[in-house]
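The values are calculated or read from the model by the stated rules, or taken from the named source; none is laboratory data. Note that the structure is a prediction, hence the values are computed from the model and not measured. All Cβ positions, even for glycine, are placed from backbone atoms using ideal geometry, and neighbour counts span all protein chains on display.
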Amino acid sequence: MKYGYAIALFAVAFIIQTTLMNVIGINGATPNLLLCLVVILSFLFDERNYGLVLGMVFGLLYDICFSQYVGVAALSFLVISLSVMIINFFMNKETVFSVITISVGATVIYSLFYWGVMAMLGSGYSFLYMLKNLPLYILYNTAVVTMLYYLMIKKVIRYHYDRYYK
């Protein structure tokens, strides 16, 4: 994947996230498409740093447009991308279980980290409100990351389960 395609993916996800996602929300929870792209691109394309760089750029853009404090989402995406890249050494890219596990962990870490930074900055973002919607966020983000995984895995792994290919 080239940077142009990754930038286009993030731009489309940013536009959809900020305009259409509120229509399909359940109890105020919607999938975080930017987080899903950071997770899947950091997991599948770890040598190119797509998730790291573009996650920070679009996280900063998201904060500038919609957040009370600038830099919280960008810093959260940085932490998630680095965590996924480190965990990537111990996980197999060819199994869906790895993607689901990383997606659940990334959603929980993102929510806790985002809440922690916002609480340190003095925001009224309640911990109980974050916990109330966390199961929905986990379900939404895991479903989106799994769909993205099935769409992108053929670009990364050419010969699935081929024991002679090295």
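Give me a count of the residues in region 101-131 that are under 16 Å from T30 (Cβ atoms) and touching a residue at least 12 places away in the same chain (Cβ under 8 Å). First the steps, then the outcome.
At the first step, the residues of region 101-131 found to be under 16 Å from T30 (Cβ atoms) are 103, 107, 110-111, 114, 129-130.
Then drop every residue that is not touching a residue at least 12 places away in the same chain (Cβ under 8 Å), which leaves 103, 107, 110-111, 114, 130.
The qualifying residues number 6.
Scanning region 2-14 turns up no residue that is surrounded by fewer than 18 Cβ atoms within 10 Å (Cβ to Cβ), closer than 23 Å to G105 by Cβ, out of contact with any Leu (no Cβ under 6 Å at 6 or more places or on another chain) and at pLDDT below 85.
Regarding Y69, is this residue over 22 Å from Y150 (Cα atoms), in contact with a helix residue (DSSP H, G or I) (Cβ under 8 Å, 6 or more places away or on another chain) and in a loop (DSSP other than H, G, I, E, B)? Yes; evaluated as a whole, the condition is true for this residue.
Of the residues screened, A143 is one that is of a type in the set (G, A, S), at pLDDT 85 or above, under 21 Å from the mean Cα position of the chain (by Cα) and assigned to a helix (DSSP H, G or I).
L75 fulfils the conditions (1) over 13 Å from the mean Cα position of the chain (by Cα); (2) at pLDDT 95 or above; (3) farther than 20 Å from T30 by Cα except for a single criterion, (1).
Taken as a whole, the structure leaves G116 outside the set of residues that are of a type outside the set (S, T, N, Q), crowded, with 16+ Cβ neighbours inside 10 Å and modelled with pLDDT of 90 or more. Scanning region 35-53 for residues that are out of contact with any Ser or Thr (no Cβ under 8 Å at 6 or more places or on another chain), surrounded by fewer than 24 Cβ atoms within 10 Å (Cβ to Cβ) and not in a loop (DSSP other than H, G, I, E, B) returns L44, V53. Return the residue satisfying two criteria in turn: it lies in region 136-151 and is among the hydrophobic types (A, V, I, L, M, F, W, C) and either surrounded by 21 or more Cβ atoms within 10 Å (Cβ to Cβ) or in contact (Cβ under 8 Å) with a residue 60 or more places away in the chain (or both), and of such residues it is farthest from G28 (Cα to Cα). Here the answer is L148.
What residue, among those in region 152-166 that are assigned to a helix (DSSP H, G or I) and either of a type in the set (D, E, K, R) or surrounded by fewer than 10 Cβ atoms within 10 Å (Cβ to Cβ) (or both), is modelled with the highest pLDDT?
Per the criteria, the residue is K154.
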